[in-house]
Amino acid sequence: MKLAVKNVVASNTSQDDMLQLLLSQCDVKASSKMTYKVGVKRFLEFCMHHGWSHDILLKYKEHLRSLEHRSSNTKAQYLNAARISARHFYLLGFCPEDVSRSVKSFKVNTAHKRSPITEYDRRKVFRWLKKYADARTSLIFHLLAFQGLRRMEVCSIQCEDFNASDRTLLIDSKGVDGKVLVMLHDKTVSAMLTYLNTIKRTTGPLFASKSRTGHLTTVAIHRIVQRVHKQNHMKANVHAWRKYFTSTLLENGFDVITTSKFTRHKSIATVSIYYDRLNLKQQMPKFQNAFESD
């Protein structure tokens with residue numbers, strides 16, 4: 001790649017080499033780098049086409065704003081990756097100024113657009129699992145429904161992360177360095193013991209596969225869940241189970257702070273979205289009665 005424009009140090013580094021160089025500078029977990037990779041690559045391609053300038057991020061933001069088929073959240077992720085790239089252009093000596101703070105981020109609506117799994121659907125799925133599913137599929141759904149794990153958290157579990165006596169599990173949680181301790185529900189412990197007795201292993205990936213990583217990928221988890229959803233005539237994504245977990249805790253009297261401990265949300269504001277929606281739903285009878293009189 002060549003950033004040969006005014007006030008910029010020229011570089012004959014190829015785009016692929018530049019991409020790898022920038023990603024190597026990002027202080028994020030390996031799983032998160034896959035997300036950054038797409039955004040950084042798009043920004044590099046934009047720079048190659050338009051050339052470098054002091055207002056390159058503003059131009060890129062305007063370009064992202066014009067993409068009607070992209071969500072605000074996706075645009076925000078792309079812009080964040082661009083800001084990280086611009087910052088490291090400066091640190092690596094490719095440009096004489098740090099322009100990474102010259103543009104504000106997109107404002108993203110944090111309200112959830114998709115509803116969580118309902119208790120009715122949860123019961124229906126688990127009746128189906130008990131009748132038709134294998135131990136692996138059953139455990140995956142226990143980890144999603146009763147522990148609120150994310151897909152990447154499910155994928156990275158090692159057999160040795162499970163402590164049967166303490167009824168706990170260590171997981172690689174989002175945005176956290178090192179393992180996070182999760183207290184397990186009795187139903188999850190039972191499903192875990194059944195599965196471990198099936199695979200006859202105590203070490204290595206809990207959900208081993210022939211993939212490059214040696215364990216199930218997030219795509220594989222998605223396919224497994226969607227197959228079960230299809231069998232039960234449901235239209236919901238994997239994350240809907242995490243929403244079910246969070247909503248169920250709040251509906252059963254857990255406060256926002258305690259709920260955030262169980263869900264491992266870094267921001268209480270995220271959990272508050274669930275709480276606010278639940279509170280409004282509980283107030284609906286009063287809202288309806290307020291306009292009953294003619």
So, Tyr90, is that one surrounded by 11 or more Cβ atoms within 10 Å (Cβ to Cβ), among the aromatic types (Phe, Trp, Tyr) and farther than 30 Å from Gly148 by Cα or not?
yes
Some residue of the stretch 230-245 being without any contact (Cβ under 8 Å) to a residue 40 or more places away in the chain and in contact with a Ser or Thr (Cβ under 8 Å, 6 or more places away or on another chain):
no
State which residue is nearest to the chain's Cα centre (by Cα) when the search covers only the stretch 259-277 and only residues that are more than 20 Å from Leu144 (Cβ to Cβ) and of a type outside the set (D, E, K, R).
Ser267
Unmet requirement for Leu278, which otherwise passes all of (1) touching a helix residue (DSSP H, G or I) at 6+ places or on another chain (Cβ under 6 Å); (2) under 26 Å from Ser138 (Cβ atoms)
(2)
Report whether or not Ala145 is farther than 21 Å from Thr202 by Cα, surrounded by 13 or more Cβ atoms within 10 Å (Cβ to Cβ) and modelled with pLDDT of 95 or more.
yes
Quickly run through the stretch 200-226 and pick out the residues that are surrounded by 15 or more Cβ atoms within 10 Å (Cβ to Cβ), in a loop (DSSP other than H, G, I, E, B) and either touching a Lys or Arg at 6+ places or on another chain (Cβ under 8 Å) or of a type in the set (Lys, Arg) (or both).
Phe207
Of the residues in the stretch 245-260, how many are surrounded by 13 or more Cβ atoms within 10 Å (Cβ to Cβ) and part of a helix (DSSP H, G or I)?
11
With criteria (1) of a type in the set (Phe, Trp, Tyr); (2) open to solvent by less than 70 Å² (accessible area, probe 1.4 Å); (3) at pLDDT 85 or above; (4) over 20 Å from the mean Cα position of the chain (by Cα), Tyr78 comes up short on (4)
Name the one entry in Ser85, Ser100, Ser11 that is at pLDDT 80 or above, open to solvent by less than 40 Å² (accessible area, probe 1.4 Å) and not in a helix (DSSP H, G or I).
Ser100
Among the residues of the stretch 227-244, which ones are open to solvent by 20 Å² or more (accessible area, probe 1.4 Å) and either part of a helix (DSSP H, G or I) or at pLDDT below 90 (or both)?
Arg227, Lys230, Gln231, His239
Restricting attention to the stretch 166-199, which residues are open to solvent by 70 Å² or more (accessible area, probe 1.4 Å) and farther than 25 Å from Ser260 by Cα?
Leu193, Thr194, Asn197, Thr198
Given the condition open to solvent by 30 Å² or more (accessible area, probe 1.4 Å), closer than 30 Å to His215 by Cβ and at pLDDT 75 or above, answer yes or no: does some residue in the stretch 56-71 qualify?
yes
Cβ-Cβ distance below 9 Å, separation of 6 or more or different chains: which pairs start in the stretch 278-289 with a residue that is over 16 Å from Val256 (Cα atoms) and end on one that is part of a helix (DSSP H, G or I)?
Phe287/Leu280
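The values are calculated or read from the model by the stated rules, or taken from the named source; none is laboratory data. Since the model is a prediction, treat every value here as computed from it, not as a measurement. Note: ideal-geometry Cβ built from the backbone for every residue, glycine included; neighbour counts use all protein chains shown. For accessibility, only protein heavy atoms count, side chains too; no ligands or nucleic acids. Shrake-Rupley method; radii C 1.70, N 1.55, O 1.52, S 1.80 Å.
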